[in-house]
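Data first, discussion second: the structure below is written as structure tokens.
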Amino acid sequence: MVDKFYTAFKNGDAEAMIACYDDNVEFTDPAFGNLQGDKAKAMWRMLLSSGSDPEVSFSDVSETSESGEAKWEAKYEFAGKPVHNKVTAKFTIKDGKIIKHVDTFDFWTWSSQALGLPGKLLGWTSFLNNKVSKGANAKLDKFMAKTAPEVVI
């Protein structure tokens, strides 16, 4: 499941990634914080539809029927700045689906690249981490509202 997930990521296929997730998946990372279910799935749709076309690679994949882990890297532009993010991922798997996905990376390194001098100076603080998380989640909420099916009454 982990290899399938990252192969889909490398190919820019959000729907194939999401197919690896349980409906109630829990996702956590330093940028978005904790996301549940549809919100976690929408995050991948948003990231892969943003036009940033990340260059993704992955390695050190290990998996059992109950867990998995991998290292992955993404090279992309964020606000016109080049970013090379190195991530360690851990998964909990149940009934052939990912039920928990935790990505960890050095937020200071990421923010130094993505935000320039402010990230370098403040990337180690919870203030900046919380500000980035709020912004990322606001962008995700806007994306979800825009892509939600129209309800006709």
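The values are calculated or read from the model by the stated rules, or taken from the named source; none is laboratory data. This is a predicted model, so every value here is computed, not measured. Methodologically, a virtual Cβ is constructed for each residue, glycine included, from the backbone with ideal geometry; neighbour enumeration extends over all protein chains shown.
For this structure, a couple of remarks:
- Annotation note: Cβ proximity below 7 Å between a residue of the range 14-29 that is touching a residue at least 24 places away in the same chain (Cβ under 8 Å) and a residue that is of a type in the set (V, I, T) and surrounded by 20 or more Cβ atoms within 10 Å (Cβ to Cβ) (sequence gap 6+ or interchain) occurs for C20/I98; Y21/I98; D22/I98; V25/I98.
- The residue of the range 2-24 that is farthest from W110 (Cα to Cα), among those that are touching a strand residue (DSSP E or B) at 6+ places or on another chain (Cβ under 6 Å) and not in a helix (DSSP H, G or I), is D22.
- Exclusive hit being touching a Leu at 6+ places or on another chain (Cβ under 6 Å), modelled with pLDDT under 95 and farther than 19 Å from A14 by Cα, set L121, L117, L128: L128
- One residue from A40, A74 being in contact (Cβ under 8 Å) with a residue 60 or more places away in the chain, at negative phi and surrounded by 17 or more Cβ atoms within 10 Å (Cβ to Cβ): A40
- Matching residues, the range 93-149, being within 19 Å of G80 (Cα to Cα), in contact with a helix residue (DSSP H, G or I) (Cβ under 6 Å, 6 or more places away or on another chain) and not in a helix (DSSP H, G or I): G123
- Residue satisfying all of: in the range 77-114; within 19 Å of D53 (Cα to Cα) and β-branched (V, I, T); surrounded by the fewest Cβ atoms within 10 Å (Cβ to Cβ) among these: V87
- Where K81 falls short, out of the listed (1) closer than 21 Å to A40 by Cα; (2) of a type outside the set (S, T, N, Q); (3) in contact with a Gly (Cβ under 9 Å, 6 or more places away or on another chain): (1)
- The set of residues from the range 134-146 being farther than 15 Å from F78 by Cα, surrounded by fewer than 18 Cβ atoms within 10 Å (Cβ to Cβ) and not acidic (D, E) comprises K134, N137, A138, K142, F143, M144, A145, K146.
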